[in-house]
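Working notes for the structure below.
The values are calculated or read from the model by the stated rules, or taken from the named source; none is laboratory data. The shown structure was predicted, so the numbers you read here are calculated from the model rather than taken from an experiment. Please note: Cβ atoms are built from the backbone with ideal geometry, for glycine as well, and neighbour counts cover all protein chains shown. Side chains included, ligands, DNA and RNA excluded: accessible areas come from the protein's heavy atoms. Shrake-Rupley method; radii C 1.70, N 1.55, O 1.52, S 1.80 Å.
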Amino acid sequence: MSDKVFDVFHRFLAASYNIHRTVGSDRRHDPQRVAQVIRQVGAPVIGLQEVNWRPERELGGESQAEFLAHLPGYESIAGSNLIEHRGHYGNMLLTRYPVLAVQRHSILYKAREPRGVVDVTLDIAGQHLRVMVTHFGLSLRERRFQANRLVEIITQAAPEPVLLLGDLNDWIPGSPSIAPLLAGCDPTRSPASFPSAWPLFALDRIVTWRVGSPLRVYAHRSTLARWASDHLPVVAEIGITQNQ
């Protein structure tokens, strides 16, 4: 940690939300319900996981990715899974801030399901912030590989501050699979977000590097959010800082 003193001069909300292909905890498929939860959260930066790009009858032939990209006020940036594997679900960033640059990284492990990172540089109140959205795999070895790969990406981003919005698929404190990733992050808490109807596990994380600890972190527990997906959105209030 630096000895310098910082002042917060801009605050905003960021959220990470695994929408489970818009299939709710009641097993009902309803993209409109997920969109309503996103509006409830109201964050200008939202990382989404498990977004589908298959055409859907309920959306007039549009995909979930296209439908969510049209939410008023947001710009959308799709991950490589959505772009390269149309029909395969993947990650997406929704933002109301100006987009300065976009990168996409593969964190594919062996022959397992394709996984990636959406890496977007935003202009937030005149400051550059790298926002990364990801979804880790199910096996311990896969997550360890993906955590180490993400450490490389975050290290290469220095000295720019980084905000990670992700479903890391690991809730165990000090877990060896994601410990390398969390080792150098700003201290933060991880509220339980899964399963949404009765949240017990902190699968969904908002983590920062070179930003400072989030001012608060919480799971959005509205009645609608409990039903819209099997995950709750996790929300953090981030304070953008500058040297005094």
In the stretch 21-70, which residue that is at positive phi and assigned to a loop (DSSP other than H, G, I, E, B) is surrounded by the most Cβ atoms within 10 Å (Cβ to Cβ)? Gly42
Condition check for Ser177: over 18 Å from Val34 (Cα atoms) and of a type in the set (S, T, N, Q): yes
Hey, does the stretch 235-242 have a residue that's open to solvent by 10 Å² or more (accessible area, probe 1.4 Å), assigned to a strand (DSSP E or B), polar (S, T, N, Q) and in contact (Cβ under 8 Å) with a residue 12 or more places away in the chain? yes
List the pairs whose first member sits in the stretch 98-125 and is over 29 Å from Leu140 (Cβ atoms), whose second member is of a type in the set (Asp, Glu) and surrounded by 14 or more Cβ atoms within 10 Å (Cβ to Cβ), and whose Cβ atoms are under 7 Å apart, counting only residues at least 6 apart or on separate chains? Val99/Glu75
Run Ile124 past the list (1) closer than 19 Å to Trp209 by Cβ; (2) under 16 Å from the mean Cα position of the chain (by Cα); (3) open to solvent by less than 10 Å² (accessible area, probe 1.4 Å) and report the number of the one that doesn't hold. (2)
Being open to solvent by 20 Å² or more (accessible area, probe 1.4 Å), under 23 Å from Ile238 (Cα atoms) and either among the basic types (Lys, Arg) or under 13 Å from the mean Cα position of the chain (by Cα) (or both) narrows it down to one residue among Arg104, Arg210, Arg112; which is it? Arg210
Top-ranked residue in the stretch 110-146 [being of a type in the set (S, T, N, Q) and in a strand (DSSP E or B); ranked as nearest to Asn18 (Cα to Cα)]: Thr134
Identify all residues within the stretch 132-188 that are of a type in the set (Val, Ile, Thr), open to solvent by 50 Å² or more (accessible area, probe 1.4 Å) and within 18 Å of Val234 (Cβ to Cβ); write none if there are none. Ile172, Thr188
Only one of these conditions is not met by Thr223: (1) polar (S, T, N, Q); (2) under 16 Å from Val45 (Cβ atoms); (3) surrounded by fewer than 19 Cβ atoms within 10 Å (Cβ to Cβ). Which number is it? (2)
Taking the stretch 154-201 and the residues there that are more than 16 Å from the chain's Cα centre (by Cα) and outside any loop (DSSP other than H, G, I, E, B), the one that is nearest to Asp119 (Cα to Cα) would be Ala157
List the pairs whose first member sits in the stretch 199-211 and is without any contact (Cβ under 8 Å) to a residue 60 or more places away in the chain, whose second member is part of a strand (DSSP E or B) and open to solvent by 10 Å² or more (accessible area, probe 1.4 Å), and whose Cβ atoms are under 7 Å apart, counting only residues at least 6 apart or on separate chains? Pro199/Ala219; Phe201/Phe194
Taking the stretch 92-109 only, how many residues are assigned to a strand (DSSP E or B) and closer than 16 Å to Leu71 by Cα? 4
